Structures are given as C-alpha cells and as structure tokens.
Ligand SMILES: Nc1ncnc2c1ncn2[C@@H]1O[C@H](COP(=O)(O)OP(=O)(O)O)[C@@H](O)[C@H]1O
Ligand SMILES: [Mg+2]
C-alpha cells in the first residue's frame, strides 16, 4: 500500500521557512476556572488547573504527561490544541504564539495538530457513517481525493475499508478508537495530541491500540503528546515523561531514566504503584496494584497511588 504520508514535506513549516526549533515551547502557562461563589458579594474564587507550566516538545518526540486525576493534564492538552484559552503565559507552536489568539487566527495550528480523546463513543457522531466521520475533516480542509484517503486511513488503522458504510455503534470500543485515530490522521497532521486514548477501553484491547499508536507515530513521523493517569501506559509509548501534580510539573526526563531513577518522592510513588505494563493490562484492579506497590515500596498506600490507577479517571 502506498504510504499516505509519503508526499508530505517533512520540513516543518515549509511555507514560512521558519523552524528548526521546538514544535511546542510552553512557558509560565496558567489556566484557572471560576468556582461557585461561597458568599453572595464576594468575588468568585478561582481554581488553578495549570499553574506556571513550562516545557518544550521537540519534533519527533513522544512526549508523555502523567499525573493523577485532576492534576491538569486534559486542560494542558486542550490548551496545546487551541481548544481552550490559557489565562496567562505562552505557548509557541513552531515559533508562533497561540495564547491570546482569536479562533480564526489559529488556522496554522488546526491544520497541523489533531486530537484523540478518551471516549471514542463520545467523540464520534453516532448518526454518521464511518466514511463521513473520517472524511469530514478532509472536506473541511478542501482536500481532494477524500474517498481514497478514507480507505487508506481505515487500512492504516487495521480496519476493513469495506466497513466505511457502518455506524459507530456497530463497532467495538477498540475499533471505535481506531476510527477516531483514522479521522485524526486523515488530514496528515504533524502532531497528535492523545488524551487517555486507552483508558476507556477493555484491558484486553489496550495493548493493541497502544501498539497501533506507536506504529503510526513512527510510520507517519508524528510528534506525539500523550496524556495518561497510568505511568505504565505512558512508559510503553513515550520517550520522554513529564509528571504533573496539582497543575504543576513535578519532574521531567527521558522515560527510562524517570522510570529507573525517579528523583522526586512523588514520582517514586507513581513508579512503585505500577509493577509492570503486563500487570496493568491484565486487568488488575486498583486494590491489587496498590497492594503490589505496598509490597514493593514498603507500605505506602497513599491516595495518590490509588488515584493513579483509577480506571474511571477523567470521565
Ligand atoms: N471547565 C472547567 N471548569 C471548572 N473547572 C475545571 C474545568 N476543567 C477542568 N477543571 C478543573 O481543573 C483541574 C484539572 O482538571 P483536568 O485538566 O481535567 O485534570 P486531569 O485531566 O489531569 O484529570 C481540576 O481540578 C478540574 O476540576
Ligand atoms: Mg483528563
């Protein structure tokens, strides 16, 4: 099969000639939300979902973000995708600022960055046939040869192109996530942002979808930003890992280094709570995993360790 990405120029931002630098440069990023007022005339208190977050993502990197539920991962990813405004700070995408830009000025981001979410049932329109689901962003961008691309993409994610006439509910959870991935990659983005893409799936298909993502990232030379509450999952897919807690970054580093020699106590706790990928994928419940962690780490049964394995995270 012809490689659907073969004709894509791998020179980032070939139009402007600007680049060579990081894909994302995030500096002092903040995002807060108003909380319900506790007293009638008092100003509404705000909760900081992101508080002074700074990091860089380089081209071709598989950048993992891990943290317990509520640590700010989804908010961060939505800011990177231009789906949510930051309150302060800066996000430069290929050298261009996106914070404070109006929706219609973010075309350069929309063309190049696609997202995959946790729950494919919620992200796919149930009334649309798969063909139209995958075609929609292509048509929106005025891509010629959309039908051929749809077949190509379904094949790339391991689905029979003949299934293009079916509706989302006629597929399993894993297959639906494949459809969501096909849709995201159809427009040939250079960056894929994935928010808990296997957390809602049966444990039996998680490894398949993770392997598929890893293969596609390599084949299409994507830069990946991958968010999960589960360190074993992030480690399986990513070369760099950033640990978040309470809207800030705890620690960041090469995946193996962070796994073998975590510097921060909080990271050590996360690592201790994740015996093996095989174990996490085997369907072991939070209680069992924490029991394992307690045996490994000498009895630390913190809420953080519990949270880190809540399969319902982020729903
Ligand atoms: N739209 C929103 N309105 C109010 N609070 C929000 C909103 N989105 C997120 N938050 C709050 O921001 C914090 C981080 O949430 P989120 O980014 O979803 O974390 P995670 O993805 O790590 O679970 C949480 O305390 C959450 O309640
Ligand atoms: Mg989330």
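The values are calculated or read from the model by the stated rules, or taken from the named source; none is laboratory data. Predicted, not measured: the structure shown is a model, and the values here were computed from it. Cβ atoms come from the backbone with ideal geometry, glycine included; neighbour counts cover every protein chain shown.
When the residues of region 86-122 are narrowed to those that are within 16 Å of ligand 2 (Cβ to nearest atom) and touching a residue at least 12 places away in the same chain (Cβ under 8 Å), which ends up surrounded by the fewest Cβ atoms within 10 Å (Cβ to Cβ)?
This residue is 119.
Being in a loop (DSSP other than H, G, I, E, B) and within 12 Å of ligand 1 (Cβ to nearest atom) is the filter; apply it to region 231-256 and report the residue that is nearest to the chain's Cα centre (by Cα).
Within region 231-256, the match that is nearest to the chain's Cα centre (by Cα) is 247.
Give me the residue from region 51-85 that is outside any loop (DSSP other than H, G, I, E, B), away from ligand 1 (no atom under 16 Å from the Cβ) and over 15 Å from the mean Cα position of the chain (by Cα) and, out of that set, surrounded by the most Cβ atoms within 10 Å (Cβ to Cβ).
Going through the qualifying residues, I end up with 56.
Can you tell which of 214, 255, 180 is touching a helix residue (DSSP H, G or I) at 6+ places or on another chain (Cβ under 7 Å) and closer than 19 Å to residue 71 by Cβ?
Within the list 214, 255, 180, the selection yields 255.
When residues of region 108-124 are filtered for being out of contact with any helix residue (DSSP H, G or I) (no Cβ under 8 Å at 6 or more places or on another chain), within 16 Å of ligand 1 (Cβ to nearest atom) and either over 23 Å from residue 195 (Cβ atoms) or in a helix (DSSP H, G or I) (or both), how many remain?
1
Which condition number in (1) within 24 Å of residue 201 (Cβ to Cβ); (2) surrounded by 14 or more Cβ atoms within 10 Å (Cβ to Cβ) is the one that residue 162 fails?
(2)
Quick one: residue 6 ticks every box in (1) modelled with pLDDT under 80; (2) more than 21 Å from residue 225 (Cα to Cα); (3) surrounded by 15 or more Cβ atoms within 10 Å (Cβ to Cβ) except a single one, so which number is it?
Here residue 6 clears every test but (3).
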